[in-house]
Amino acid sequence: MRYAGPDRREWQVIHLLAGELARNRVSKNLVSQLHRYLLFDPGASPTEYLRRMVALKDALAGGKDEPRQREALAAIVGHFERTVSGLNWLQVLAWVARLMVAYRPEERGKRRRSPAEEQAIAERIRREMEADIQRLGEPCYG
C-alpha cells in the first residue's frame, strides 16, 4: 500500500495550525501528547481529549504556563474540528508538531522578548503562513 500523505486541504490546515500554535506559544509536546492519545484511540475526538486536559487545570501540568497552553490548543484544534470535516488528525498533528518549530525558530534562544519583538515575530509568522497558503493554491505540475 502506498502512503498518500496529506492532501492540499490538510496541508493548509497543517500550516495554519502550526502557525497559530507557534504564535500562541503552545508547546509542541502538547501536540505530540494529543497525537499519541489519538494513535492509541483512533475513534476519539481531539477536542474531547483536550476538554478533559483543560479541566485538569494545573494538575499534571509540566509547568506554570501549561494550563494556558492547553486552553489555546483546545480552542484552535476545536475550531478546525468544527469547521473542516474529514481531517486525518493523526497525520495533521504529526506534521504540525514538526512545523511549529519552523514557524517559531526564535524559541530556541528562550530569552524574554520585548513587545515590539513579539509583534515582529507574529507579523513574520502571519506573512509566512499567507505565502505558504498561496503556494498551496498554485497548480502543481509533476
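Taking only protein heavy atoms and a 1.4 Å probe, what accessible area per residue, in Å², does the chain have with all protein chains in place? So the chain comes to 63 Å² accessible per residue, rounded to a whole number.
For the options D65, D132, D41, a Gaussian network treatment of the chain with springs between C-alpha atoms closer than 10 Å singles out D41 as fluctuating the most. Surface composition of the range 24-74: carbon plus sulfur atoms contribute 54% of the solvent-accessible area (1.4 Å probe, protein chains only, all chains present). Restriction of the chymotrypsin sites (Phe, Trp or Tyr not before Pro) in the range 1-100 to DSSP coil positions whose beta-carbon has at most 16 other beta-carbons within 10 angstrom yields Y3.
Here the chain is described by how far its Cα atoms reach on the three principal axes: 47, 40, 25 Å, from widest to narrowest. Our helix-only sum for the chain, with -39,500 (n - 2.57) per DSSP H run of n ≥ 4 divided by its residues, gives a mean residue ellipticity at 222 nm of -22000 deg cm²/dmol.
The values are calculated or read from the model by the stated rules, or taken from the named source; none is laboratory data. Given the structure is predicted, the values throughout are model-derived calculations rather than measurements. Neighbour counts are summed over all protein chains in view; Cβ atoms, including those assigned to glycine, are modelled from backbone coordinates with ideal geometry. Side chains included, ligands, DNA and RNA excluded: accessible areas come from the protein's heavy atoms. Shrake-Rupley method; radii C 1.70, N 1.55, O 1.52, S 1.80 Å.
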